[in-house]
Structure formats: C-alpha cells, structure tokens
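Here the structure comes first, spelled out in structure tokens, and everything after it is commentary.
Bear in mind these aren't lab numbers, they're just calculated from the coordinates by the rules spelled out. The structure presented is a predicted model; accordingly, all values stated were derived computationally and were not measured. Here the Cβ is made from the backbone with ideal geometry for all residues, glycine too, and neighbour counts use every protein chain on show.
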Amino acid sequence: MKVSIIGTGYVGLVHGAILTKIGHNVICVDKKRENIERLKKGNMTIFEPGLKEIILEAEKNGSIEFTTEIKKAIDNTDIIFLAIGTPEGEGGKADLKDLYTCVDEISKYITTKKIIVVKSTVPIGTCNDIEKILRKKIKDIEVLSNPEFLREGNAVNDSLFPERIVIGGKNIEAINSLKKLYLYFEEKGIPFVISNRTTSEMIKYASNAFLAVKISYINELANLAEKVGANISDVSLGMGLDKRIAPYFLECGPGYGGSCFPKDTKALFEIAKENSEELSIVKSAIESNKRQREKVVQKIENKLGGLKNKKIAILGLSFKENTDDTRDSPSIDIIKKIVNKGGKIQCYCPMGIEEAKVKLSFYKNIDYKKDLISCVEKVEALVILTPWSEFKNMDLNKIKEKMNGSYFFDFRNLYLENKNIRKLFKYYPLGNS
Ligand code: UDX
C-alpha cells in the first residue's frame, strides 16, 4: 500500500521506515526543508540504532520519498499519518499549535475521501476535533487514533515487534484499511486493541503515566532503602518476579526524563483537572520526579561537604542510553543545580553533547570533554547519570589515576557487583548499601 506520514521526528521517521520494511511505499513530509534535504541525501536527522540502514535500503528500492509538500502526500495517498510533535505547552498542557496548523493545511488540499491516522500523542478528544475541522471541508473523512509506543534508542525494534497495536475509530471500513496496512503484525500474532478514539488516546497517556508512576515509586523506595540499609536492586528483583508487578521499569535512577514521560504525565493531569478529576497519583509521580533530581544533587553535596569550586565529572547527558536526545534529561537539570551552587562541571556523553551545549548555553563553568578519560581528569568526584554501555565497562584503575578525589556516584547502579569498586573509590550507588 502507499501511505504518507506528516512529521519526520522520532515517531514519524521510524514509523515510515518500518512501513517500508514490511512492504509498503511511504511519502514522508516535513516542513523543515533542511531536514528533508538531509534525508534525501541519506543523512539522518535523528540518531536511532538501525534506522539509517532501513532508510538507505528504502531509498535504494524507491519505497520511501521525502518532501516538504503536504499537497503531494494528499494527492497521492489515501491514508495519511500525523506524527507531529505535541510538546509541553503552557501550564503543562500539550501544545497542539503545530498539529492544528498541519490539520488546517490538510483541509486546504483534500478533495476526496481520506483516512487520517493520528500517531501523535494528543489530549483525549483531539481526534474528534480534527475530524470536525476536516469534515467542514469534505464529508468523506475518517480520523483514526493509533498511538505509538516506541522507546527512543530501541525504536526500530519496538516498532518491528510491538507488544500491541491500538486503533481507535468509529468507521469499521477505515479501521479495516489500517488493519490491512498492519497485516504483517496481525500475521505475527501481535494483539490488536480496537476501540473508540477517546479510549485509544487515553491508553497512550495511561500507559506512559503508569510507567512514570512505577519509576517514581521505585525511586522513592530506593531513598528509603538507603536509610534502612536495604538493597533496592534486590527489592526490585523480589518484587518483579511477581508476574502481577513484572520486572520492567523498576530500576531506580536520577528521575525519568525524555520527550514523553515528563510531558505526558503533566498533560494527563491537566486533562483530568479540566474534567474536575484529580489524578493524585500522577501528580505525586510528577512531584516525586522533580524531588529525585534534587535529592541526587543533595547527596553529592552532602558527601563532598559542599559544591563550591568542586570539580565534578558528569557522565551522560542524553536522558537515556543510545540516543542523542537531551529533552528533559535529568543530567541537564542536575548540571544546572550543581553549577548554581558553585560547582564546576566536566561532562562527557557519547551522543548528547551538541544538544546539551544548546540547553546549557547560559551556564558557565561547564567544560564539554571529547572522551571519558579527559572528562574525569583532576575531578573530585564522578557522577554516572546515563547508563551508556561505555560507562559500564570503564577501566577503573585508569579513572582513579586521573581523578584528584575518589568520590564515585553511581546513580544507575552500574558497578554494584564490581569487586574492586569499593577498594578504589568512595562508592555511592543509589538505594544500595
Ligand atoms: C517512553 C515509553 O516507554 C514509550 O512507550 C513511549 O512511546 C515514549 O515514552 P522513552 O521516553 O523513549 O519511551 O524511554 P524509556 O525507556 O521509557 O525511558 C524513559 C525514562 O525513564 C528515561 O529517563 C529512563 O532512564 C527512565 N527509566 C526507565 C528509569 O529511570 N527506570 C526504569 O526502570 C526505566
């Protein structure tokens, strides 16, 4: 089948690539001309393991096309995906400006029957509104909700082997067209959840908020474990073996970050508020996540006896491993807090440096290093914030030699099992003695 996707961010580009991989033809549209030019030349606009190979292959066999013209997509395809960013807006609500601009543009060009599939994470009720807008122009429009559950850094795999496909819609014919596009997944036995649009929109927010709650819960327990002498890693293991709880998303850390959990928890809370409901558990997770970032800074400050003029190495700037994305990354927040208290930062990240430089451009006393070893040179303490594999296998003797001090804050618990770590360093993991 031939479809188009508007928006070539993480969701749009990966979805487009995967659709070509399962045998379809895709037109990818984005208003950012420079991004489209880069993609046409086979250069990626985001880093995502395995993505480039799929896109290069699709470009070679002609199954993917990049353009800035929405009209071209509308004229040539009957199924049009919207994968427009919905970032955090005023007061925590989702900012739908770009999405509605795109809907207005679509309405300018549609003249025949189309199915619009909303992949963007949108407030509950948005698909109904989009349909109303488009039907003013032409009656024969069906809007479906089809949220995306991919994780950055693992997006290709998550999209090729999804755990479920959620489709929300009213019109059975339109739903069946989308199911036909996803026949590959149906044949693989991937479960489909077919419901109405508001339910589908809610599933996405409910899933992300639940995972954020789960992480905040284990983070709070980790803080308690430290006080009572328990080991949170074993607590997670012991809890996770209960199938009702499951072992995933039970790893404590410096707080969740990224382009989804922080904004989606806030957006869901605001949606509830507008409907006179208080999602107190989601609210607690949001507050707890903010506190967790403060707590890790406090911990460094307490152990070092203050932060003023202390040289600290930060390992990891992206919000998680295998991505260059620093959106709402705990590292950015933590660096700001340390610098505000007079600390001096040397930082290194395999991929996040360029974005971090922009986000921290107003902050002084941050030295961006090209590699791990120069990052730890002459520092009092090192702090692991992102679990990149490069940080899991460090030459500890060499690191120790380069450092002035010996404080090792392992906020991802990467060295818990290492036999030498406590001999070489004043080692502080999270939630473990
Ligand atoms: C998330 C959802 O998982 C995905 O389904 C949705 O489509 C988009 O949002 P993503 O933000 O890419 O994906 O990454 P994810 O792996 O979920 O991690 C989010 C944050 O939680 C990261 O900061 C990560 O470090 C943190 N995290 C995750 C923990 O602190 N502990 C965990 O156990 C798991």
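Of note:
- Over the range 81-230, the alpha carbon radius of gyration divided by the compact-protein estimate 2.2 N^0.38 Å works out to 1.24.
- Think of it as helices only: each DSSP H run of n ≥ 4 in the chain is worth -39500 (n - 2.57), and spread over all residues that comes to -14000 deg cm²/dmol at 222 nm.
- Mean Cα-pair separation over length for the chain, i.e. relative contact order, pairs under 8 Å, 6 or more apart, %: 12 percent
- Amide H contacts of K311 (H built 1.01 Å from N, under 5 Å, at least 5 apart or other chain): K344, E380
- Counting only whole DSSP H helices of the chain, there are none at least 27 Å long by C-alpha along their axis and with mean Kyte-Doolittle hydropathy no lower than 0.5.
- Nonlocal amide H pairs with F192, under 5 Å, H built at 1.01 Å: I165
- Where chymotrypsin sites (Phe, Trp or Tyr not before Pro) in DSSP loops with at most 13 other Cβ within 10 Å are excluded, longest remaining stretch of the chain: 1-247
- Square roots of five times the Cα gyration tensor eigenvalues for the chain, Å: 42, 24, 20
- For N25, the residues whose modelled amide H falls within less than 5 Å of its own, excluding neighbours fewer than 5 places apart on the same chain, are K2, V3.
- Intensity falloff of the range 38-95 expressed as log10 I(q)/I(0), Debye formula with alpha-carbon point scatterers, at q = 0.15, 0.18, 0.25 Å⁻¹: -0.66, -0.85, -1.09
- Sparse-neighbourhood loop sites, GluC sites (Glu not before Pro) in the range 1-88 - DSSP loop, at most 13 other Cβ within 10 angstrom: E69
- Subset of K243/K266; K21/K139; K71/K113; K119/K320 violating a 25 Å alpha-carbon distance limit: K243/K266; K21/K139
- Inter-part distance where the range 143-160 and the range 301-376 are each reduced to a Cα centre, Å: 30 Å
- Of the trypsin sites (Lys or Arg not before Pro) in the range 13-81, those whose Cβ has at most 15 other Cβ within 10 Å and which sit in DSSP loop: K32, K41
- Alpha carbon centroid spacing (whole Å) that separates the range 1-34 from the range 407-433: 43 Å
- Loop trypsin sites (Lys or Arg not before Pro), the range 228-299 (other Cβ atoms within 10 Å of the site Cβ: 16 or fewer; DSSP): K243, R244
- Using distinct alpha-carbon pairs, which all enter the 1/r mean, Kirkwood radius of the range 64-150 in Å: 13.5 Å
- Measuring between their Cα centroids, the range 253-288 and the range 92-121 lie 25 Å from each other.
- Taking the DSSP bridge list for the chain and keeping only pairs wholly inside it, about 5 percent are antiparallel.
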